[in-house]
Amino acid sequence: MTSIATLGSHCSLQVLKGAKDEGLKTILVCEKKREKLYKRFPFIDELIIVDTFKEVLDQKCQSILEENNAVLIPHGTLVAQMSSEEIESIKTPVFGNKWILRWESDREMKEKLMREANLPMPNPVTEPKEIEKLVIVKRQGAAGGKGYFMAANEEDYNSKRNQLISEGIISKDETLYIQEYAAGVLAYLTFFYSPLKEELEFFGVDQRHESDIEGLGRIPAEQQMKSNKVPSFNVIGNSPLVLRESLLDEVYKMGENFVDAAKRVVTPGMNGPFCIEGVYDENAKFTSFEFSARIVAGSNIYMDGSPYYSLLFNETMSMGKRIAREVKIATESKQLDKITT
Ligand code: AMP
């Protein structure tokens, strides 16, 4: 029988609970320091204790996963803590497409895939001296918004960058990515594409709560002006959102365009869960600044099922359970190679 494995962080509880509900064995690669936390959850069948998550690449860890016919579910922690080369070298079958995770981590590749998918994006700014409007400055990879900052012009950019370097938050030789700031209502749209059914499902929407940009909004302008702290976009948690129904058709179209584009540029395409992240402006026009090519932590809100999945399934269906269902069906029909890489 196939088992489901993941790294102990991000959305691992939801993933393993979903797997257990589908009758699959569950394995958690767990850092020593979090052993006590994860032992609280009875649906985790086996813990592989490690000092760091990179040990998932070691022979010892891979052998245990192999003995258990494990499928590894990638999430944000894997992308944040391992290089693309390391992820691609994982021998355990990875759910979805491990090759597309490189397209998520590398800013230039990311932009290329988003253009290929025709997603409306904020303009990138190639050099600090070209900053004309408010911009957001980002780091490479899934940094979770830590060390991001906003700048209004080149001088502002330089002074904030220098401040973050002196505070040790970013490093001097780090390549930063500058993009026009898009104002509006944040919406992180999560989908699931099933290569078995060749069908796209819209799972739900979440919003991210980011410190300390969000905290700053609670302070009167007078105090804000006196603060010389550079606010960052570090994600603290998520909350649910539903969209005006009239926006749904466009949402499905964006998801489908993304799946089609991924099929063209990175075989075998965008299989499994993914998220298109952006804002709706005053004309309900969506601008997308990011995608995640795997399950996002925002899906943790819907451990008991999402509003949109309750329209598609007559049962409680979390994203973790949806993934496990796909693995189960693929195992039974001997099509695991179709859903893993
Ligand atoms: P990211 O790592 O690109 O997901 O960005 C982290 C956070 O920064 C997002 O959740 C947004 O709050 C914010 N953000 C990123 N890009 C933009 C943008 N172009 N305009 C406005 N906010 C942005």
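The values are calculated or read from the model by the stated rules, or taken from the named source; none is laboratory data. Because the structure is predicted, anything quoted here is derived from the model rather than measured. Reconstructed Cβ throughout: ideal geometry from the backbone, glycine too, with neighbour counts over all protein chains shown. Protein only, heavy atoms only, side chains kept; ligands, DNA and RNA dropped before computing areas. Shrake-Rupley method; radii C 1.70, N 1.55, O 1.52, S 1.80 Å.
Some values worked out for this structure:
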read-out: 5 angstrom amide H check on ASN234, placed H, neighbours 5+ away; value: SER211, ASP212, ILE213
read-out: Between 0 and 90°, nearest 10: helix 107-116 axis offset from the chain longest Cα axis; value: 80
read-out: Rounded to 10°, Cα long-axis angle of helix 319-332 versus longest principal axis of the chain; value: 40
read-out: Using alpha-carbon coordinates, inclination of helix 154-166 to the longest axis of the chain, degrees; value: 60
read-out: Heavy-atom SASA rank of MET150, MET254, MET303 (probe 1.4 Å, accessible area, largest first); value: MET303, MET150, MET254
read-out: Counted charge near PHE286, where neighbours are those whose Cβ lies closer than 13 Å (Asp, Glu -1; Lys, Arg +1); value: -3
read-out: Extension gain, GLU88 back to LEU248 (0.36 nm per residue minus Cα-Cα distance, nm); value: 54.2 nm
read-out: Anchor LYS146: aspartates and glutamates whose Cα lies under 12 Å away (excluding residues fewer than 8 positions away in-chain); value: GLU210, ASP212
read-out: Dipole magnitude of the chain about its Cα centre (Cβ charges: Lys, Arg +1; Asp, Glu -1), debye to nearest 20; value: 760
read-out: SER159 accessible area, assembled protein chains, probe 1.4 Å, Å²; value: 70
read-out: Computed [θ] at 222 nm, helices only, for the chain once each DSSP H run of length n ≥ 4 contributes -39500 (n - 2.57); value: -9000 deg cm²/dmol
read-out: Estimated dipole of region 200-341 in Debye, rounded to 20 [Cβ of Lys and Arg +1, of Asp and Glu -1, Cα centre]; value: 420
read-out: Stretch gain in nm, segment LYS54-ASP337, where the contour uses 0.36 nm per residue and the Cα spacing is subtracted; value: 99.4 nm
read-out: Cα extents of the chain along the three principal axes, largest first (Å); value: 60, 47, 37
read-out: Radius 12 Å from Cβ of GLU332, net charge of other residues (Lys, Arg +1; Asp, Glu -1); value: +1
read-out: Per residue accessible area in Å² of region 234-274, where ligands, DNA and RNA are left out and the probe is 1.4 Å; value: 52
read-out: Listed residues HIS209, HIS75 arranged by accessible area, highest first, probe 1.4 Å; value: HIS209, HIS75
read-out: Stretch gain in nm, segment ASN118-SER227, where the contour uses 0.36 nm per residue and the Cα spacing is subtracted; value: 35.3 nm
read-out: Estimated dipole of region 134-245 in Debye, rounded to 20 [Cβ of Lys and Arg +1, of Asp and Glu -1, Cα centre]; value: 320
read-out: Options TYR148, CYS61, VAL265, ranked by Cα towards positive dipole end of the chain, top entry (Cβ charges); value: CYS61
read-out: Virtual spin-label span in nm between GLU155 and ALA284, 7 Å along Cα→Cβ; value: 4.3
